[in-house]
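Structure, as structure tokens:
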Amino acid sequence: MVENINLNKLTKDSKIEILRELGFDSDGLFVLQNGEKVIDKYINQEIKLDNMLILPGSTIILDNNPVSIASYIEEYNDVF
């Protein structure tokens, strides 16, 4: 069973620690991978640490906006 965690309640340091465990990083403002800002593939914008969403069963990190979430569900509907 997947456990849901509200990232909004975590400290910045805790969020960065989670990112590092998943192979990502942060400069304190943006989500990074290999030193480059991670881009939300659905809205083509950089993902901020405060707006990141880590989806269950994946290491896909998106911006927590409705367009990205709906697009992800449409693309990966078998996950839900």
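So what's the angle, to the nearest 10 degrees on a 0 to 90 scale, between helix 66-75 and the longest Cα principal axis of the chain?
Rounded to the nearest ten degrees, it is 60.
How would you rank ILE18, ILE47, ILE73, going from fewest to most other Cβ atoms within 10 Å of each one's own Cβ? Show your work: numbers first, answer last.
Details: ILE18 16, ILE47 24, ILE73 12.
Starting with the residue having the fewest Cβ neighbours, the order is ILE73, ILE18, ILE47.
Quick check for you: which residues of segment 42-77 have the amide N under 17 Å from the point 7 Å beyond the Cα of LEU29 toward its beta carbon?
45-52
What does the convex hull of the Cα atoms of segment 1-42 come to per residue, in Å³, rounded to a whole number? If you can, show how the numbers build up before the last one.
Details: hull volume 4.5 nm³, N = 42.
With only Cα atoms used, segment 1-42 gives 106 Å³ per residue.
Can you pull the Rg over Rh of the chain, Cα-only, Kirkwood?
On the way: Rg = 12.2 Å, Rh = 12.9 Å.
That ratio equals 0.94.
Determine the calculated [θ] at 222 nm for the chain from helices alone, applying -39500 (n - 2.57) to every DSSP H run no shorter than 4 residues and normalising by the residue count; nearest 500 deg cm²/dmol. It would help to have the intermediate numbers written out before the result.
On the way: 2 runs with 20 residues, N = 80.
Helix contribution divided over all residues of the chain: -7500 deg cm²/dmol.
Just so you know, all these numbers are worked out from the coordinates, no wet-lab data involved. These figures come from a predicted structure and were not determined experimentally. Using ideal geometry, Cβ is built from the backbone for each residue, glycine included, and neighbour counts are taken over all protein chains shown.
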